[in-house]
Each structure stands twice: as C-alpha cells, then as structure tokens.
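The values are calculated or read from the model by the stated rules, or taken from the named source; none is laboratory data. Note that the coordinates shown come from a computational prediction; the quantities given were computed from them, not determined experimentally. No Cβ is skipped: glycine too gets one built from the backbone with ideal geometry, and neighbour counts run over all protein chains shown. What goes into the accessible areas is simple: the full protein's heavy atoms, side chains included, and nothing from ligands, DNA or RNA. Shrake-Rupley method; radii C 1.70, N 1.55, O 1.52, S 1.80 Å.
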Amino acid sequence: MKGRLITIEGVEGVGKSTNIAFIQSILSERGIPSIATREPGGTALGESIRKLLLDKEQQGMSALTELLLMFASRAQHLEQVIEPALAGGKWVICDRFTDSSYAYQGGGRGLPLELIARMEDLVLNDFRPDCTFILDLPVETGLSRAENVGEKDRFESEHTNFFKRVREVFIARGQSEPRCHIISAEQTLEKVQSEIHEVLKSMLETD
Ligand code: TYD
C-alpha cells in the first residue's frame with residue numbers, strides 16, 4: 001500500500017518540529033513506517049540549494065530566482081526521496097512544502113500566485129500532499145518565539161509586514177484547500193496535538 005504525504009506549514013516560531021515528532025510517534029504506535037524530511041533541502045543537492053537560499057550574503061537574489069531554487073530543491077526531493085518512500089509504503093512528514101512557496105514567494109515577495117501555480121503544475125504535475133497542517137500564530141508571537149534561537153537567516157531577517165503577508169496567504173490557502181487544516185498554535189501544545197491527532201485518526205480510518 002502506498003504511503004501518504006503530510007506537510008507542516010506556518011510562519012517562523014510556530015513549533016513545526018515538535019509536532020512532526022508527535023505525528024511520527026502516532027504513526028509508529030500504529031506500526032506505520034514514516035520518514036521526516038524538510039524543504040528547502042531533504043537531499044544532498046537540496047541542502048546545498050538551501051544554503052544559498054538562507055545565506056544572508058545573497059541579498060541581490062531576485063524573487064523569481066528564489067522561487068526557481070525552491071522548486072529545484074523540490075523537484076530533486078520528490079524524485080529522490082518522497083516518491084520512492086511513498087511507493088515503498090512509508091508515510092512522509094515534510095517540514096514545509098509548496099504552500100510555503102505560495103506564502104513566502106507569493107505573499108511575502110509579491111510574485112503572482114498564478115505564476116507559482118504554473119510552477120507547481122510543471123514540477124508536481126497533479127501530485128499534492130494528502131494532508132497539510134498550517135500552524136497559525138499572530139506574527140509578533142511567532143517572531144518573539146523564534147528570536148531565541150541563533151543567528152537570523154535571510155528569511156528570518158525580513159520585517160514584520162513580510163511575515164504578515166506570508167500568514168495571510170497561509171490562512172487563505174488553509175480556508176480554500178480541503179486538504180489543509182489550520183491549527184491555532186496559540187493554544188497549549190496538548191490542545192494543538194489533540195487537534196492533529198483527530199485529523200490523523202480520520203486519515204487512518206480511511207486507509
Ligand atoms: P525552515 O527551516 O522551516 O525555517 P524555520 O525553521 O525558520 O521556520 O525554512 C527555511 C525558510 O525557507 C523559511 O524561512 C521559509 C522559507 N521557504 C520559502 O520561502 N519558500 C518555500 O517554498 C519553502 C519550502 C521555504
């Protein structure tokens with residue numbers, strides 16, 4: 001049986017990693033093999049592309065170049081990691097995916113969403129995640145949580161309004177795509193995880 005692709009999205013500081021570990025623990029309790037991976041990155045080539053994308057020295061990178069690099073990393077990731085894992089019956093839990101391209105390169109950088117949709121069709125054909133969790137927080141709360149961890153990368157150095165536009169696109173996609181579940185990360189971790197658990201249970205029932 002084929003695996004499923006679950007993606008986790010949200011602005012900086014929403015607690016994606018903790019919840020990825022939680023999802024893997026639920027799957028493992030049910031005897032379902034899974035892998036956790038991330039974008040940009042997830043392959044050796046993708047991790048090199050990630051370094052370029054996050055490098056603060058790359059101040060002159062155009063929004064279109066940024067989008068193309070995100071999708072270059074994704075194309076490699078799909079072919080080398082995601083598709084083989086799904087074909088082998090593993091579930092794939094991915095820290096960010098195409099919704100981040102809509103939110104950051106579309107909302108944040110201002111590229112037309114139709115252009116991103118064209119890239120998505122080109123690189124993914126009709127492949128889409130089975131389920132997406134959008135962890136949502138007011139931007140100021142997320143940024144102050146993220147601030148404690150190390151030096152800021154090229155995205156983290158953006159201003160508050162950039163992240164507000166990112167959040168708006170995440171919310172709009174969350175409301176228009178049936179595979180997306182918006183979960184308030186302002187709640188206690190216990191509440192966040194019980195909401196995630198409910199969605200997983202209904203996915204596992206239809207398996
Ligand atoms: P990530 O490591 O998840 O950042 P964080 O842990 O700070 O949330 O992702 C790296 C950055 O890449 C993040 O700032 C968002 C950005 N990004 C895009 O702009 N577009 C994309 O398509 C993806 C996948 C990520």
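Here are the criteria: (1) open to solvent by 20 Å² or more (accessible area, probe 1.4 Å); (2) of a type outside the set (Ser, Thr, Tyr); (3) away from the ligand (no atom under 14 Å from the Cβ). Tell me which single one MET61 does not satisfy.
That leaves (3) as the condition not met.
Could you run through the stretch 82-106 and say how many residues are within 15 Å of the chain's Cα centre (by Cα) and not β-branched (Val, Ile, Thr)? Give the steps one after another, and end with the answer.
Quick first cut of the stretch 82-106, residues within 15 Å of the chain's Cα centre (by Cα) only: 82, 92-106.
Of the ones still in play, those that are also not β-branched (Val, Ile, Thr) are 94-97, 99-106.
Summing the residues that are within 15 Å of the chain's Cα centre (by Cα) and not β-branched (Val, Ile, Thr) in the stretch 82-106 gives 12.
From the list GLY41, GLY13, exactly one residue is closer than 15 Å to LEU78 by Cβ and either within 13 Å of the ligand (Cβ to nearest atom) or outside any helix (DSSP H, G or I) (or both). Which is it?
Working: GLY13 fails: closer than 15 Å to LEU78 by Cβ.
Among GLY41, GLY13, only GLY41 is closer than 15 Å to LEU78 by Cβ and either within 13 Å of the ligand (Cβ to nearest atom) or outside any helix (DSSP H, G or I) (or both).
Name the residues in the stretch 33-46 that are without any contact (Cβ under 8 Å) to a residue 60 or more places away in the chain and open to solvent by less than 50 Å² (accessible area, probe 1.4 Å), would you? Steps first, please.
Of all residues in the stretch 33-46, those without any contact (Cβ under 8 Å) to a residue 60 or more places away in the chain come to 33-38, 40-46.
Once the filter is applied, which keeps residues that are without any contact (Cβ under 8 Å) to a residue 60 or more places away in the chain and open to solvent by less than 50 Å² (accessible area, probe 1.4 Å), the stretch 33-46 yields SER34, ILE35, THR37, PRO40, GLY41, GLY42, THR43, GLY46.
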